[in-house]
Amino acid sequence: MIEFKNIKLFEPGIFQTIVKSCYNDFLKSFPDEKENFYNQWEQEDKDVFENLDTIGQCTFITCIDDTPVGCWSYDPRQHPIGIIGQNCILPQYQNKGYGERQIQAIIEIFKKQNYKEIKVSTGDNEFFLPAQRIYEKCGFVKIGFSKGELFDLIEFKKRLQH
């Protein structure tokens, strides 16, 4: 059974561990940047666990029968626009619909809180094609591109119907 559990039910380090595992193949393309990414994800994990009443309320671990298989987060601060943050499924659990289920869970949270639209960015890179397909399958449309330091980003949005 799939469950989306609040991060506060886990030990510090789980968020960065999942993200690192999910991006392992991606980092092979940017070996000189691996340490920078690791530091960024370590800081994200630290921020979540040091702020369980704010950031931690918007950060979840996806579990199948109590086994962590992914993580996701969102940013509610730009109401009425919701922002999707991390959205990762461990490689051995990919292609089973769990990523789509995570996005559907985020959509439901934003609907319940009367958001008008949701935005998300993902890489314009072959590694990110599965994420791009999931967003489109969940009703997001491409709205633009932006330049990144290492790779460009594709921006998506979804208008919510209440």
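Consider segment 1-32 and keep the residues that are in contact with a Cys (Cβ under 9 Å, 6 or more places away or on another chain) and among the charged types (D, E, K, R). The one that is surrounded by the most Cβ atoms within 10 Å (Cβ to Cβ) is K5.
Selection of segment 91-136 for residues being aliphatic (A, V, I, L, M) and buried (at least 18 other Cβ atoms within 10 Å of the Cβ) yields I103, I106, I107, I118, V120, A131, I134. Of the residues making up segment 140-152, those that are touching a helix residue (DSSP H, G or I) at 6+ places or on another chain (Cβ under 9 Å) and touching a residue at least 24 places away in the same chain (Cβ under 8 Å) are L150, F151.
Only one entry of G70, G56, G85 meets the criterion of being in contact with a strand residue (DSSP E or B) (Cβ under 9 Å, 6 or more places away or on another chain) and more than 19 Å from C22 (Cβ to Cβ), and that entry is G56.
Which one is nearest to the chain's Cα centre (by Cα), of the residues in segment 108-132 that are part of a helix (DSSP H, G or I) and more than 18 Å from R77 (Cβ to Cβ)? Here the answer is A131. Applying the criterion of being in contact (Cβ under 8 Å) with a residue 60 or more places away in the chain and not in a loop (DSSP other than H, G, I, E, B) to the residues of segment 33-70, the residue that is surrounded by the most Cβ atoms within 10 Å (Cβ to Cβ) is T62.
Bear in mind that the values in this text are calculations on the coordinates, not laboratory data. Just so we're clear, the structure is a prediction, and the values are computed from it rather than from any experiment. Heads up, the Cβs are rebuilt from the backbone with ideal geometry, glycines too, and the neighbour counts pull from every protein chain shown.
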